[in-house]
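One structure is given here, and the rest of the page talks about it.
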Amino acid sequence: MNTLKKDKEFNFTTVLDFLLQFWLPILIVTLGAGILAFIFSLPYFMPPKYQSTVILYPATTNSISKAILSTYQGEKNDVLALGQEEEAEQLLQLLQSDEITNKIIKKYDLLKHYRIDPAGSYPYTKLGKEFKKNINYRRTEYMSIEISVMDESKDTAAHIANDVAAMADTAKNNVLHERARDVLAIVKDKYEEKQRFINMMVDSLGKIGEIGVPPYSVQGNSSLNQDYLKAVASHSTALANELKNKMELQAKYSPIQKSFLDRIEFENKELSSVRTNYEHAVVDAEKMLPATMIVNHATPAERKAWPVRSIIVLISMFSALALSILFFAFLTNIREYFRSKKLETAQ
């Protein structure tokens, strides 16, 4: 127990002696590191950057017609509802697309803005790294999307953040509209095909009527039979022959007429359904709802976000303090080692 106590006192005394011996160079190194960190974190060496942020939610509705015009309750979506995890992940993928990235790079001439030499080695690789370092997208815990932009110009940071949000909305609507136009073309072809088929059957019925076939009646040819019997009874041979011909034509074409009429009725019901789909497809292809709901627009920041000079100075001083202590401790041990070796040799 006494030995342990003596060891502790010895260790504390050794550390205290070490610090008293080297306190001045350690202090000089620590203060020097702090001064250098302060100097090199000045705007001349580290230009300050300002941060602007946009917060937005994705919309849940992709189809306007389904959300507003559909008569089926199960298909309706609330156009005012905010998107959940799936919609947020989809919007994140869209934000990271080459379309939005290239538009921002071109609009703000980021190659020049980030001072990258286009004639140097791998300029676009460097540009991509700078873009990812300064422009970030993330999903928050509330399922919103945060667009964060850092730039040396506070106004440029705000403009880029707002433009990215606007381009995301436009890009998503462009994707949806392109698909909706493809759907419209398919439904339009189907609708016109149905319409042509119905018109063809109506024309066929008209041609049957042109050859003298009476219109189809569910009562059959009972009226013609009565007229025919009256004509025979009155000895009207010409009329009787005419009515007889009509009866024969009606007996021959009546099943065909019924078949056409039944098919036309069925096709008209189908056409009504296709027409509804066609009207919905027209709405989806021509109308547009915002694909995002912006909660906070980006505004120019009043204070810089980077570098934080106080943190840089503190980290530099603590690092210098630790390294200087380790250096002088190593130096002391080396001296003690060679001194002991020298004493052993002398003995």
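Screening the range 134-183 for residues that are closer than 16 Å to ILE105 by Cβ and acidic (Asp, Glu) and picking the one that is surrounded by the fewest Cβ atoms within 10 Å (Cβ to Cβ) gives ASP163. Taking the criterion of being among the charged types (D, E, K, R), in a helix (DSSP H, G or I), surrounded by 14 or more Cβ atoms within 10 Å (Cβ to Cβ) and modelled with pLDDT under 85, would at least one residue in the range 249-268 satisfy it? No, the range 249-268 has no match at all. Taken together, ARG275, ARG335, ARG339 contain a single residue that is closer than 30 Å to ARG181 by Cα, among the basic types (Lys, Arg) and open to solvent by 60 Å² or more (accessible area, probe 1.4 Å), which is ARG275. Of note, ASP163 satisfies the criterion of being of a type outside the set (A, V, I, L, M, F, W, C), in contact with a helix residue (DSSP H, G or I) (Cβ under 8 Å, 6 or more places away or on another chain) and modelled with pLDDT of 95 or more. With respect to the conditions (1) over 20 Å from GLU152 (Cα atoms); (2) at pLDDT 80 or above, HIS113 lacks only one, and its number is (1). Does ASP117 qualify as being open to solvent by 40 Å² or more (accessible area, probe 1.4 Å), in a loop (DSSP other than H, G, I, E, B) and free of Cβ contacts under 8 Å to residues at least 12 places away in the same chain? Judged against the criteria, ASP117 is a match. Quick one: would you say ASP98 is charged (D, E, K, R), within 15 Å of the chain's Cα centre (by Cα), on the phi < 0 side of the Ramachandran plot and open to solvent by 40 Å² or more (accessible area, probe 1.4 Å)? Judged against the criteria, ASP98 is a match.
The values are calculated or read from the model by the stated rules, or taken from the named source; none is laboratory data. These numbers come from a predicted model, not from an experiment. Note that each Cβ is placed from the backbone with ideal geometry, even for glycine, and that neighbours are counted across all protein chains shown. With ligands, DNA and RNA removed, areas are computed over all heavy atoms of the protein, side chains included. Shrake-Rupley method; radii C 1.70, N 1.55, O 1.52, S 1.80 Å.
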